[in-house]
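Reading through the structure tokens given below for one structure.
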Amino acid sequence: MSQPSLFRYNKDRAHIVSEVCQRTYSAILAETRRKDDEGIEYLLNEAAFQEVERLQGEQGPEDEIHSISWWRDVSRRLGEMSESQKRTILRELAQSYTEDITGSFDPRVYRLATGALPVGLGMLFKAQDLRQIPFSALHMRKAFKHLRDLSERIVIEGHVDTLRHLARRGTLVFLPTHSSNMDSILMGWTLFQAGLPPVTYGAGKNLFTNPLTSFFMQNLGAYKVDRRIKHSLYKELLKTYSQVLLERGYHSLFFPGGTRSRSNKVEEHIKLGLLGTTITAYTNGLLSHKSAKPIYLCPVTINYNLVLEAESLIRDHLRREGGRRYFLEDDEFNQLNKVFRFALNTMQMSSTTVMRFGEPMDPFGNPVDLNGTSFDARGRAVDPTSYVRKALTGEVCHDISRDHQYTRHTGECVRRAFLKNTVLMPVHLVAFVLFELLQQKFPRWDVYRLLRLAGGEIIAGHRAQAKLDALLIDLKARETRGELRISNFVRDHTCAEIFEEGCSYLRTYHSSPLVEPMMNGVTLNKLDLLYYYGNRVRSFPIDLAAIAPNT
Amino acid sequence: MNIGLVGHGDRFEVLAHLLRNHTISYWPGDDASLAHEDGAELPAHIQRVELEALKQTPLIFLCLPIHRLRTTGNQLGKVLSGRHILVHTTRNLEMSTLSTPSKILGEETPTLRCGFLTGPFDATDALAGRLCSGVCASDYDEVHDLVIAALDVPGVRIYRAKDLGGAEAAAAYSRVIAILVGVGRQLKLGAGFEASLLTRGLAETAHFVLYRGGYESSAWGLAGCGNLFFDASSHHLNGESLPHRASDAQIGAEFVRRQDAPHAKIPDTIRKDFGSPADNLFNLIASLGRVPDESGLPLPILRHALKLVDGEASAREIVESLLTTPVYYE
């Protein structure tokens, strides 16, 4: 592979900042000229109001760009400012925000990370007993190779070869599912391992203050997103930044779900803001250079057996969805304890994670082959530039309303691709079956009542396996139809073996075992987590009672 | 403007007339036997073309029955691109899947810019120069702009709507109500019955539209309410028309006219005598028959229309049963 585009990032940095500022500034001025009641003062006032409110309420460890007194001063003087003064403030804000957002990339840190990261991840994912690893001076190289050999534990599958070809032709935008803060790290390693180029991506500003991650974040192409800032100017700058990067050929990554899935269901709602920048960037490319690089989107599913933050995520989900029906349980553990426990416990397991690259598509949702040719749903070649041409005249143009609809359509294509490429693993299937059997025992109870009252119930082993057997038949049929994927373990093992594997995962890692085997059955303990892991299967319209009515 | 026109039937004739200020490239579709009446001369502004020529027409109207839409769409997909705009006039849903016409066109062609033109207009009024109004439902402003520009003739009012899926659902479902309006009118049940049926029928249409992910307001607009009132109008019900141009209400009235025959046999005789209008309507109602169970919505008018077209009961029995369904809050 020729040198990845990200390697020239630092040289481009000043130009990128300048372009983002200038574009945003010009776009805002043009918008305010179009509408009489939308002068710059409204935009600035909105920003000042929201920032004062925010800064009064809370202040995290992250640096603030402007202090509360600065914002109050702007707010007070806004009504009396001349147009020129307002423009100066706008320009200054655009500059300071963009400087804050813009990341950096150091090839030396990249080489360090791609060398050291597998060691760290190897300790998390490697199945073997650490005592077996020869940690002596004579065998250090062998020891490190042992730990670096992640390929058994992180399985990479899907359209990788096509993506390698497309990376040479155009700009890639990876769109992964999001379950854990481990996702970014895993994606970084996976891209490197798969021979795909490094990417730039937006990361929460909190990760730039974490002593462990900040060094890497600051030097590996990540750009800062301050999620606490909600006003339009900041959002506009973020979108413009993403657009400019794409137009300049920087491969990118963002999580279309916006945040980690609290319920563990596959993303049902796709955020359209950053996704829309792919169409704008594509059209800008056509308008400015007739031979502009195309843009290719790639949905990626990250499929874990166990999720690091499962407990806090499901708690969050249940509290939001259940409201007063959900009764909070006390959790004493802090973040470090959780990471440590996760590391210790998963080292005992053959924990496999599957990174699956879906079929790449153009910005309009059409699948793309390795030559970069787009195809419609019936396999006919289609010219993607035709989508951004006016119907009557054929000229390429921006059309906000049209492009917004296209983005919705592409978002729907990404959502369907996530489902098609979701890999179901033993822990998902077993958790789903056990919880559904529990629900069948108490048909009148809703989920919240079950969680509160049904802990300690025993499910007969033979019933669970019978249901699992019926489920496996259904899932294999769905896989044949291309609706989902099942893991290699599920495909290659018997029902009893899958049940055993799933149960052994459910006894690992979390503060107490989710299930406990009994003589003739399984005792269900942590029902919220069982529900969490089973939700992966609930992403699909599977009615267990209908497919296995007599068990 | 160079505009494409594909298909046949009443809406085809309306559009052929209303688009008289433009150059029309007419393609009969993938089954030439269903083309514009054999031997009839096409007006001067309409030129019959081969499929390939439609590449040059950015705006294409499709006037096709639902069972032809997929195959014709697949043919069109060979020559169209993302730049083209397709506007259909089909008030129906696909029999096996209940897919809307726009979804079918999205699957069979590469174009994303689709629209639905519907509302209370027909060839009789258009050719007589009477007021025609309709709605162009589409997610895309450009589709609205081009359709309105194309139909910019005196006496024609085309409204815009953004709820494409909702408009298609409303336009299809209102046909279920129309068939029973025809039954009630022929049984001379009076204005009170008709008003109740129309009102509750529109409420049921709104429930269906919501279930399909549309906006309730689409049921009350020209796609739902407008089409239903038009189908149910006296002019439409009692006016002379050929069987293959019969309205849904007229077909409903036939169930009463034939009430002396065994009710199980009536639907087949109507299909035989009326051809595709009856087939399309009965197939639509039969397809919608699974919606009450799938959705959990009661939809009593649909259930009774289904019994009518299945020949399970006579028209009179259907109406009597309908009038004894439980009454709840409006």
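Residues of the range B:193-217 that are out of contact with any Pro (no Cβ under 9 Å at 6 or more places or on another chain), buried (at least 19 other Cβ atoms within 10 Å of the Cβ) and under 22 Å from B:GLU294 (Cα atoms): B:GLY201, B:LEU202, B:THR205, B:ALA206, B:PHE208, B:VAL209, B:ARG212, B:GLY214. Filter the range B:260-298 down to the residues that are closer than 22 Å to B:VAL327 by Cα and within 20 Å of the chain's Cα centre (by Cα), then identify the one that is surrounded by the most Cβ atoms within 10 Å (Cβ to Cβ). Within the range B:260-298, the match that is surrounded by the most Cβ atoms within 10 Å (Cβ to Cβ) is B:VAL291. Of all the listed residues (A:LEU233, A:LEU286), the sole one being assigned to a helix (DSSP H, G or I) and closer than 28 Å to A:GLU92 by Cβ is A:LEU233.
When A:VAL17, A:VAL52 are screened for being under 30 Å from A:ALA167 (Cα atoms), modelled with pLDDT of 90 or more, of a type in the set (Val, Ile, Thr) and surrounded by 15 or more Cβ atoms within 10 Å (Cβ to Cβ), only A:VAL17 passes.
From the residues in the range B:111-132 that are in contact with a Leu (Cβ under 6 Å, 6 or more places away or on another chain) and without any contact (Cβ under 8 Å) to a residue 60 or more places away in the chain, which one is farthest from the other protein chains (Cβ to nearest Cβ)? Only one residue fits best here, namely B:CYS114. The conditions of being among the basic types (Lys, Arg), farther than 19 Å from A:LEU506 by Cα and in contact with a Gly (Cβ under 7 Å, 6 or more places away or on another chain) are not met by A:LYS441. Checked against the criterion of being more than 14 Å from every other protein chain (Cβ to nearest Cβ), surrounded by 15 or more Cβ atoms within 10 Å (Cβ to Cβ), modelled with pLDDT of 95 or more and under 30 Å from A:HIS510 (Cα atoms), the candidates A:ILE486, A:ILE459 yield just one match: A:ILE486.
Scoring A:LEU233 on the criteria (1) touching a residue at least 60 places away in the same chain (Cβ under 8 Å); (2) within 19 Å of the chain's Cα centre (by Cα); (3) within 26 Å of A:LEU287 (Cα to Cα) leaves a single failure, condition (2). In the range B:83-94, the residue that is nearest to the chain's Cα centre (by Cα) out of those that are assigned to a loop (DSSP other than H, G, I, E, B) and at the interface with another protein chain (Cβ under 9 Å from one of its Cβ atoms) is B:HIS84.
I'm trying to understand the selection: among the residues of the range A:380-396, which are of a type outside the set (Lys, Arg) and either within 7 Å of chain B (Cβ to nearest Cβ) or under 29 Å from the mean Cα position of the chain (by Cα) (or both)? Across the range A:380-396, the qualifying residues are A:VAL382, A:ASP383, A:PRO384, A:THR385, A:SER386, A:TYR387, A:VAL388, A:ALA391, A:LEU392, A:GLY394.
Of the numbered criteria (1) more than 22 Å from B:PRO65 (Cβ to Cβ); (2) away from every other protein chain (no Cβ under 14 Å); (3) in contact (Cβ under 8 Å) with a residue 60 or more places away in the chain; (4) surrounded by fewer than 21 Cβ atoms within 10 Å (Cβ to Cβ), the one B:ALA149 fails is (2). Looking across B:PHE274, B:PHE282, one residue alone is closer than 20 Å to B:ARG303 by Cβ, modelled with pLDDT of 90 or more and of a type in the set (Phe, Trp, Tyr). It is B:PHE282. Being part of a helix (DSSP H, G or I), within 12 Å of another protein chain (Cβ to nearest Cβ), surrounded by 24 or more Cβ atoms within 10 Å (Cβ to Cβ) and touching a residue at least 60 places away in the same chain (Cβ under 8 Å) is the requirement here; does B:LEU105 meet it? In short, no. Among residues of the range A:501-533 being within 14 Å of A:LEU468 (Cβ to Cβ) and over 30 Å from the mean Cα position of the chain (by Cα), the one that is surrounded by the fewest Cβ atoms within 10 Å (Cβ to Cβ) is A:GLY521. Against the definition (in contact (Cβ under 8 Å) with a residue 60 or more places away in the chain and either within 14 Å of chain B (Cβ to nearest Cβ) or under 30 Å from the mean Cα position of the chain (by Cα) (or both)), how does A:ARG408 come out, yes or no? Yes: the conditions hold for A:ARG408.
Can you tell me which residues in the range A:365-379 are more than 10 Å from chain B (Cβ to nearest Cβ) and surrounded by 16 or more Cβ atoms within 10 Å (Cβ to Cβ)? Result: A:PRO367, A:VAL368, A:GLY372.
A single entry from B:LEU76, B:LEU42, B:LEU62, B:LEU80 fulfils the requirement of being at pLDDT 95 or above and more than 14 Å from chain A (Cβ to nearest Cβ): B:LEU62. Being part of a loop (DSSP other than H, G, I, E, B) and under 27 Å from B:VAL156 (Cβ atoms) holds for only one residue in B:ARG20, B:ARG11, and it is B:ARG20. Kindly indicate the residue of the range B:49-98 that is basic (Lys, Arg) and in contact with a Gly (Cβ under 9 Å, 6 or more places away or on another chain) and also farthest from B:HIS8 (Cα to Cα) among those meeting that condition. Here the answer is B:ARG83. The residue that is surrounded by the fewest Cβ atoms within 10 Å (Cβ to Cβ), among those in the range A:534-551 that are part of a helix (DSSP H, G or I) and of a type in the set (D, E, K, R), is A:ARG538. No other residue among A:ARG13, A:ARG72, A:ARG54 is outside the structural domain of A:ARG168 (by TED's automatic domain parsing) and more than 27 Å from the chain's Cα centre (by Cα) apart from A:ARG72.
The values are calculated or read from the model by the stated rules, or taken from the named source; none is laboratory data. Everything numeric here is computed off the predicted structure, so don't read it as measured data. Every residue, glycine as well, gets a Cβ built from its backbone with ideal geometry; the counts of neighbours run over all protein chains shown.
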